[in-house]
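Enquirer: Shown below is the structure under consideration.
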Amino acid sequence: MTKAKSAHGPEYDWRDGLPIPGVRSATPGRNALIHGVRIRRLPSFPDERGALTEILRADDAEYQAFGQIYMTTSYPGVVKGWHLHERQNDMICCVSGEVKLVLFDPREGSPTQGVVNEIFLGDCNRLLVKVPVGIFHGWKCIGGQAALVMNIPDRVYDYDAPDERRVDPHDNEIPYEWARRDG
């Protein structure tokens with residue numbers, strides 16, 4: 001596992017391998033984080049006034065370029081996905097509520113081709129997830145309230161020629177079911 005150094009100490013370093021709390025492979029026999037995905041625990045600084053959580057800095061090891069920042073709301077039980085980008089890297093963070101972010105690697109020749117990862121993030125697990133080019137991704141709001149997800153892509157959205165390929169969240173070739181796993 002490679003770690004990119006954080007100014008806040010090793011517990012906040014970027015990680016590119018398992019184990020990571022709240023992250024698991026959903027592909028039987030392939031306990032791996034998808035190649036190119038990076039995950040960092042977010043530093044939070046609480047005091048009696050509240051808390052400040054740092055999400056991304058320009059001097060961060062995984063920061064590439066600023067495209068834009070946007071937020072999207074997901075209602076409980078709703079799935080937003082699947083889509084992938086051919087030129088854009090995403091930096092995804094759930095700033096309120098709880099989501100299950102799911103990634104699938106369809107890339108020919110990738111060492112993790114066919115692997116599915118589940119990443120549980122939000123109020124209980126403050127993470128920033130770098131989703132590289134070519135990875136299908138989507139999320140499901142798994143909490144009892146709406147989730148607010150922030151994305152910091154490295155490219156501006158092009159309304160005339162969007163860099164995204166979408167597939168239906170339930171009827172597709174991706175080996176994943178969005179149902180909750182009880183047990």
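The values are calculated or read from the model by the stated rules, or taken from the named source; none is laboratory data. Only a predicted model underlies this, so the values are computations on that prediction, with no experimental measurement involved. Glycine gets a Cβ as well: all are built from the backbone with ideal geometry, and neighbour counts include every protein chain shown.
Enquirer: Being over 21 Å from residue 35 (Cβ atoms) and out of contact with any Gly (no Cβ under 8 Å at 6 or more places or on another chain) narrows it down to one residue among 114, 109, 183, 97; which is it?
Expert: Unique residue meeting the criteria: 183.
Enquirer: Against the definition (hydroxyl-bearing (Ser, Thr, Tyr), over 30 Å from residue 7 (Cβ atoms) and without any contact (Cβ under 8 Å) to a residue 24 or more places away in the chain), how does residue 159 come out, yes or no?
Expert: On the way: hydroxyl-bearing (Ser, Thr, Tyr): yes; over 30 Å from residue 7 (Cβ atoms): yes; without any contact (Cβ under 8 Å) to a residue 24 or more places away in the chain: yes.
Yes.
Enquirer: Follow-up. Just wondering, is there one or more residues in the stretch 105-120 that are assigned to a loop (DSSP other than H, G, I, E, B) and either under 10 Å from the mean Cα position of the chain (by Cα) or of a type in the set (Lys, Arg) (or both)?
Expert: yes
Enquirer: Ok, one more. Within the stretch 86-104, restricting attention to residues that are closer than 21 Å to residue 158 by Cα and in contact with a strand residue (DSSP E or B) (Cβ under 8 Å, 6 or more places away or on another chain), which residue is surrounded by the fewest Cβ atoms within 10 Å (Cβ to Cβ)?
Expert: As a first pass, look at the stretch 86-104 and keep what is closer than 21 Å to residue 158 by Cα: 86-92.
Still in the list and also in contact with a strand residue (DSSP E or B) (Cβ under 8 Å, 6 or more places away or on another chain): 86, 89-92.
Details: 86: 9, 89: 21, 90: 20, 91: 23, 92: 21.
Top of the filtered list is 86.
Enquirer: Which of the residues that make up the stretch 135-160 are under 24 Å from residue 65 (Cα atoms), in a loop (DSSP other than H, G, I, E, B) and in contact with a strand residue (DSSP E or B) (Cβ under 6 Å, 6 or more places away or on another chain)?
Expert: Once the filter is applied, which keeps residues that are under 24 Å from residue 65 (Cα atoms), in a loop (DSSP other than H, G, I, E, B) and in contact with a strand residue (DSSP E or B) (Cβ under 6 Å, 6 or more places away or on another chain), the stretch 135-160 yields 135, 152, 153.
Enquirer: Out of (1) modelled with pLDDT of 95 or more; (2) not in a loop (DSSP other than H, G, I, E, B), the odd one out for residue 81 is which?
Expert: Unmet for residue 81, out of (1) modelled with pLDDT of 95 or more; (2) not in a loop (DSSP other than H, G, I, E, B): (1).
Enquirer: Report, by residue number, each residue of the stretch 34-56 that is among the small types (Gly, Ala, Ser) and out of contact with any Ser or Thr (no Cβ under 7 Å at 6 or more places or on another chain).
Expert: Answer for the stretch 34-56, where residues must be among the small types (Gly, Ala, Ser) and out of contact with any Ser or Thr (no Cβ under 7 Å at 6 or more places or on another chain): 36, 50.
Enquirer: Okay, next question. Evaluate the stretch 169-180: report whether one residue or more is buried (at least 17 other Cβ atoms within 10 Å of the Cβ), assigned to a loop (DSSP other than H, G, I, E, B) and within 14 Å of the chain's Cα centre (by Cα).
Expert: no
Enquirer: Ok, one more. Restricting attention to the stretch 5-29, which residues are among the aliphatic types (A, V, I, L, M) and buried (at least 18 other Cβ atoms within 10 Å of the Cβ)?
Expert: Listed by number, the residues that qualify are 20, 23.
Enquirer: Now, a different point. Can you pull out every residue in the stretch 151-183 that is of a type in the set (Phe, Trp, Tyr) and under 18 Å from residue 116 (Cβ atoms)?
Expert: 176, 178
Enquirer: Restricting attention to the stretch 30-52, does a residue exist that is loosely packed, with under 14 Cβ neighbours inside 10 Å, under 30 Å from residue 170 (Cα atoms) and without any contact (Cβ under 8 Å) to a residue 12 or more places away in the chain?
Expert: No, every residue in the stretch 30-52 fails to be loosely packed, with under 14 Cβ neighbours inside 10 Å, under 30 Å from residue 170 (Cα atoms) and without any contact (Cβ under 8 Å) to a residue 12 or more places away in the chain.
Enquirer: Anything in the stretch 97-126 that is within 16 Å of residue 31 (Cβ to Cβ), without any contact (Cβ under 8 Å) to a residue 12 or more places away in the chain and among the small types (Gly, Ala, Ser)? List them, or say none.
Expert: Once the filter is applied, which keeps residues that are within 16 Å of residue 31 (Cβ to Cβ), without any contact (Cβ under 8 Å) to a residue 12 or more places away in the chain and among the small types (Gly, Ala, Ser), the stretch 97-126 yields nothing.
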